[in-house]
Structures are given as C-alpha cells and as structure tokens.
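No value in this document is a laboratory result; all are computed from the given coordinates. Since the structure is predicted, the reported quantities are computational estimates derived from the model, not experimental observations. Note that we place each Cβ from the backbone using ideal geometry, even for glycine, and neighbour counts take in every protein chain shown.
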C-alpha cells in the first residue's frame, strides 16, 4: 500500500511539474495577432459599451508604443484583443475622417471614427469602431451622430496614449 501511495504521489508531482512548465511556455499567436496589454483601454471599452445600448458592438484600435502594427486594444470580445487592424480599416484611418457603411445583411451601420486623447493628441493611429442597428438610426447621418457622441465620450477619458496601456 505504501508503494502505491508513493507512486501516486510521484505521478501527481510529475503532472503538476509538467503543467507548471507548460503554463510558462509562451503561446504562439496567429500571424494576424500581436501581444497587447491595454487594461485601461479594455475597461474604457467595456464601461462605455455598458452605458450605450444603442450600439451593438464597440472596439478601440491603436498602434501600441514600440510596436509597428495597429491592433484591437479594447473589445467587448476579449479574444479579439491583439488582432491586427485590417488593411481596409487602415485605409479609412489614413483618410482621417469618420466612415459609415450600411450593411444590409446585418441590419447595421458599421462606423469607424478617428480617436485621439483628451488633449487632441495622437494615440497611435487610434480609431473606434462600432455598429449601430438600423432600429436606432434611420440613416447614415443619424448613425454617425450617435458614433461621434460615443467617440467624444471615450476621448475625454483618455489622458494620454500611454495611459491606455496601464
């Protein structure tokens, strides 16, 4: 009986040791993701979304400090954090003006609006994306008005680019 107990203890120790070693291994990300840690951006996204039932989705994109890729830094879908921004979105950002696209099949207006900090400074090609259902906006102009109000609310709460990553 003593040997069985010793074997079980040894087996358990091996499993735990291997599990701890496995947990310390870096996870390989898909090619379209980067490592991002932006807790303030995430909290701002979730808090803002919870106060605005008139939008269906909300996300914040930016290029993190010392990185070259623009990515999602705040999302109501945590698994999307770190996903690189699409080429289509980056083309819209380069235009430096809001974009509204009517998506019939989903019944939404898809919005992309440039995002700065509270003092009007760049946060790393920042932008906010959101979806406004047709039931909440009868035309693109109404959807954009909703989006601009929410974007402005978010901007007022960003003291600086670095603050998003703290």
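Couple of notes before you dig in:
- With neighbours defined as other Cβ atoms within 10 Å of a residue's Cβ, the residues 92, 119 order from fewest to most as 119, 92.
- Sorting 90, 130, 67 from the fewest to the most surrounding beta carbons within 10 angstrom yields 67, 90, 130.
- Distance from the alpha carbon centroid of the range 53-96 to that of the range 109-166 works out to 11 angstrom.
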